[in-house]
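Report on the following structure.
A short reminder: the numbers here are calculations on the coordinates, not readings from a lab. Keep in mind that what you see is a predicted model, and the values were worked out from it rather than measured. Cβ coordinates were reconstructed from backbone atoms using ideal geometry, including for glycine residues, and neighbour counts include every protein chain displayed.
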Amino acid sequence: MPWYSARILLEAATVDSTTSYAIVGRIRKPQGIRGQVTVELLTDEPDAIFAPGRRVFAGTPDGDPAKPAPGSHEPPALHVESVQPFKDGLIVKFDVIDDRTMAERWRLRYLLVPMGELTPPGDDEVFVHELVGMQVQSRQGTALGVVTGTYELPQGLTLEVRTSHGDVLVPYRPSVIDEVDVRARMLTVDADSGLFD
């Protein structure tokens, strides 16, 4: 099995039994007085997802879909009116946020899209949220633990692996991760790296 590159995507909860949403961004704070907000990107497809005219759905500060309006089965929608790069994220003007006061109410809320609208991962890719729960084994087949979390650190994506000796942080790099078997939900790692001692 090949080593898989990880595509940034965090999974949110479902509103009903038919629609799953993915977290694609988070509103950080207001920017200016006309309702623009800074958005932290949690997707590797920002140009497609946050293009003018596109819509995303409102999430809560916990990452769950916001409560649907009466008579609807979807969270409230926000349509992108304009967008511009800003540091590591974007400045976005959404149609439902008119001024700075309203933008303050959206601070730290997540933005979602239906999973079905995302480009599926390629043959050599895996979504980050799919790594959580995978079993971890050595090259020799020895069970080492299970992935319990992921972190975007300055040095790159890092996995938290729960072992019988405690939690270990494992860099998600080809020098450490030998193989990713998505179907078997198994990561094979170089246990000689010293991380599991």
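Stretching THR101 away from TYR151 to a fully extended chain increases their span by 14.8 nm, per 0.36 nm per residue minus the current alpha-carbon distance. For region 19-126, trypsin sites (Lys or Arg not before Pro) are listed when DSSP marks them as loop and at most 13 other Cβ atoms sit within 10 Å of their Cβ; the list is ARG34, LYS87.
Extension gain, VAL132-HIS73: 0.36 nm per intervening residue step, less the Cα-Cα distance, totals 18.4 nm.
Full extension of the chain between THR60 and ARG162 gives 33.9 nm of extra length, using 0.36 nm per residue less the Cα-Cα distance.
Report the equivalent ellipsoid semi-axes for region 92-184 in whole Å, largest first, defined as the square roots of five times the eigenvalues of the gyration tensor built from alpha carbon atoms. Intermediate values should be presented prior to the final figure.
On the way: eigenvalues 253, 58, 26 Å².
For region 92-184, the ellipsoid semi-axes come out as 36, 17, 11 Å.
Which percent, nearest 5, of DSSP beta bridges in the chain are antiparallel? Let's see the in-between values first.
Values: 48 of 55 bridges.
Roughly 85 percent of the DSSP beta bridges within the chain come out antiparallel.
For percent of Cα pairs over 29 Å apart, several values are listed as (i) 33; (ii) 25; (iii) 42; flag the one computed from this structure. Label (i) holds the value from this structure.
Rounded to the nearest 0.05, the FRET efficiency derived from the C-beta distance between ILE33 and LYS87 at R0 = 30 Å is 0.95. When each of HIS79, HIS129, HIS165 is scored by the number of other beta-carbon atoms lying within 10 Å, the sequence from fewest to most is HIS165, HIS79, HIS129. Distance from the C-alpha centroid of region 124-197 to that of region 88-120: 32 Å, rounded to the whole angstrom. Note on region 5-117: Cα convex hull, mean projected area over all directions, 7.2 nm². In summary, region 132-193 shows an alpha-carbon radius of gyration equal to 1.01 times the 2.2 N^0.38 Å reference for compact globular proteins.
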